[in-house]
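In what follows, a structure is listed as structure tokens, so that the remarks can point back to it.
The values are calculated or read from the model by the stated rules, or taken from the named source; none is laboratory data. These numbers come from a predicted model, not from an experiment. As a convention, Cβ positions derive from the backbone with ideal geometry for all residues, glycine included, and neighbour counts pool all protein chains shown.
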Amino acid sequence: MSVAEARDDIHSLMTEIGAAARSAAQLLARASTDSKNQALRASAQLIRDQRNQILAANARDVADADAGGISQVLRDRLALNVARIDAMAEGLELIASLPDPVGEVFWETTRPNGLRITRVRVPLGVIGIIYESRPNVTADAGALCMKSGNAVILRGGSESFHSSQAIVACLHDGLRAAGLPVAAIQLVPTRDRAAVGEMLIMNDTIDIIVPRGGRSLIERVQRESRIPVLAHLDGNCHVYIHEDADPEKALAIVHNAKLRRLSICGAAESLVVDQKVARTILPVIIDDLSRSGCEIRGDAAAQKIDQRVIPASTADWSTEYLDAIISLRIVDGIEDAIAHIEQYGSHHTDSIITENEGAATRFLAEVDSAIVLHNASTQFADGAEFGMGAEIGISTDRLHARGPVGLEQLTTYKYLVYGNGQVRP
């Protein structure tokens, strides 16, 4: 097959997928809550029942990735185990237990002329999701889109190709069991990167694109898409230890925020410490991070406190490592900390550790990030932890959604106007 023929073949494939998704979206928008919940619960049980098949497919993906020299962090994102598969199933059941946002009336008024106007939640339509190596996104995204009445086209990373196919097979059987269209959840059945390019110009069938992955993927999608994009570029998350921080809380939170799981976008990449407590609180934290294999790159003041801190470059302050590395900056109070986060942060997730309620209130008000925490780990930046069941991603955009993207964020609204013969003068 020639290059031109291959390109035409991908175009035809994606056109077919898009048309099927549009038809399915029209049916799913009218589906009952009970039928959607039935599909979710059936899919959850199928994922449990097919656990061995999913693990076998994932083992194949991991072996291919290892042969290709995948990094340890990306391998962690890709690999499944029994606990992660069970968590996928539990996530689907939790989504089934949540209120259905479709049809919710969340504003209404009656005008002096008697017109009654309501604002009602409706699905977005067809959502295209482009993601890299995490196979759990396949389950989360499929379930969230379906419950919110949207059809979804999933273009998973080539690394997770077989894992995603096995998971989607369970979702399809769940849809069939509930009498819902299987085309409501479609996985692009090719690793050819041309499929991504096709998705980005399918503005006649796809209503919004959600990319999840590294900077290069996000930048490409934002640059080439003819469709509105919901995304974040980086997760350069900060933990700020204020002068009134509880040392034990600070130690536990920093350890968890950085090291619980290195590969997620909510992992802390930057540690900011008030100079008034740096000499007393930092040695213990540095010792804990170092013993855990974490490299610390700090400014001159931090290097004077502990020789294990290596010099940081300017680039370190804005780097999302997704690795056992953290930058360390000593600042002159909360105003300096907020300024540092504003200059170098990615407006994703930032946390203050303090027992001073006034300082916490100021930090939460002035730090312009999608998620701002007080005395808690940045790794709580997760839709499931917010009670959403799961998430499609964390948005740092201001439109259409910000923070964890769950059921409500996958809807828009329309106005329903009820009259009794009124005409406009």
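The table that follows gives values for the structure above.
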read-out	value
Contacts under 8 angstrom Cβ, first residue in the stretch 49-72 being over 16 Å from Q165 (Cα atoms), partner aliphatic (A, V, I, L, M), 6 or more apart	A65/L74; A65/L78; I70/L78
Condition broken by D336, with the remaining ones in (1) modelled with pLDDT under 95; (2) charged (D, E, K, R); (3) not in a loop (DSSP other than H, G, I, E, B) satisfied	(1)
Selected residue (criterion: farthest from I296 (Cα to Cα)) from residues of the stretch 308-323 that are without any contact (Cβ under 8 Å) to a residue 60 or more places away in the chain, assigned to a loop (DSSP other than H, G, I, E, B) and among the aliphatic types (A, V, I, L, M)	A312
Residues being in a loop (DSSP other than H, G, I, E, B), modelled with pLDDT of 95 or more and hydrophobic (A, V, I, L, M, F, W, C) - total across the stretch 213-243	1
Residue match in the stretch 253-274 (condition: more than 18 Å from S327 (Cβ to Cβ) and part of a helix (DSSP H, G or I))	no
Within the stretch 84-119, tally of residues that are assigned to a strand (DSSP E or B) and either β-branched (V, I, T) or not assigned by TED's automatic domain parsing to the domain that holds M146 (or both)	5
For T33: the one exception among (1) over 25 Å from A183 (Cβ atoms); (2) over 22 Å from the mean Cα position of the chain (by Cα); (3) surrounded by 14 or more Cβ atoms within 10 Å (Cβ to Cβ)	(1)
Qualifying positions in the stretch 294-307 - crowded, with 17+ Cβ neighbours inside 10 Å and part of a loop (DSSP other than H, G, I, E, B)	C294, D299, D306
Qualifying residue in the stretch 346-361 (condition: buried (at least 20 other Cβ atoms within 10 Å of the Cβ) and closer than 22 Å to P99 by Cβ)	no
The stretch 193-212: number of residues that are of a type in the set (D, E) and not in a helix (DSSP H, G or I)	2
Residue identified as more than 21 Å from the chain's Cα centre (by Cα), exposed (fewer than 15 other Cβ atoms within 10 Å of the Cβ) and assigned to a helix (DSSP H, G or I) among A19, A57, A25	A19
Residues of the stretch 247-262 satisfying the condition of being among the aliphatic types (A, V, I, L, M) and modelled with pLDDT under 95	L262
2 or more residues assigned by TED's automatic domain parsing to the domain that holds I253, out of contact with any Lys or Arg (no Cβ under 7 Å at 6 or more places or on another chain) and free of Cβ contacts under 8 Å to residues at least 60 places away in the same chain: qualifying strands (runs of 3 or more DSSP E) within the stretch 339-425	371-374
Filtered residue count, the stretch 193-224, keeping only those that are buried (at least 22 other Cβ atoms within 10 Å of the Cβ) and among the hydroxyl-bearing types (S, T, Y)	1
Matching residues in the stretch 362-397 - criterion: being at positive phi and surrounded by fewer than 18 Cβ atoms within 10 Å (Cβ to Cβ)	N375, G387
Any hit, the stretch 131-146, residues being in contact with a Cys (Cβ under 8 Å, 6 or more places away or on another chain), among the polar types (S, T, N, Q) and buried (at least 16 other Cβ atoms within 10 Å of the Cβ)	no
Residue in the stretch 41-54 that is within 14 Å of R134 (Cα to Cα) and either surrounded by 19 or more Cβ atoms within 10 Å (Cβ to Cβ) or modelled with pLDDT of 95 or more (or both) present	yes
Filter result (at pLDDT 95 or above and among the hydroxyl-bearing types (S, T, Y)) within the stretch 263-296	S270, T280, S290, S292
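Condition check ((1) touching a Lys or Arg at 6+ places or on another chain (Cβ under 7 Å); (2) within 30 Å of L259 (Cβ to Cβ)) across all residues:
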{"residue": "V73", "(1), (2)": "no, yes"}
{"residue": "I85", "(1), (2)": "yes, yes"}
{"residue": "M88", "(1), (2)": "no, yes"}
{"residue": "L92", "(1), (2)": "no, yes"}
{"residue": "G103", "(1), (2)": "yes, no"}
{"residue": "W107", "(1), (2)": "yes, no"}
{"residue": "N113", "(1), (2)": "no, no"}
{"residue": "T118", "(1), (2)": "no, no"}
{"residue": "V122", "(1), (2)": "yes, no"}
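Residue by residue, here is whether (1) in the same structural domain as V284 (by TED's automatic domain parsing); (2) at pLDDT 95 or above; (3) more than 18 Å from the chain's Cα centre (by Cα) holds:
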position: G179; (1), (2), (3): no, yes, yes
position: L187; (1), (2), (3): no, yes, yes
position: I208; (1), (2), (3): no, yes, no
position: A245; (1), (2), (3): yes, yes, yes
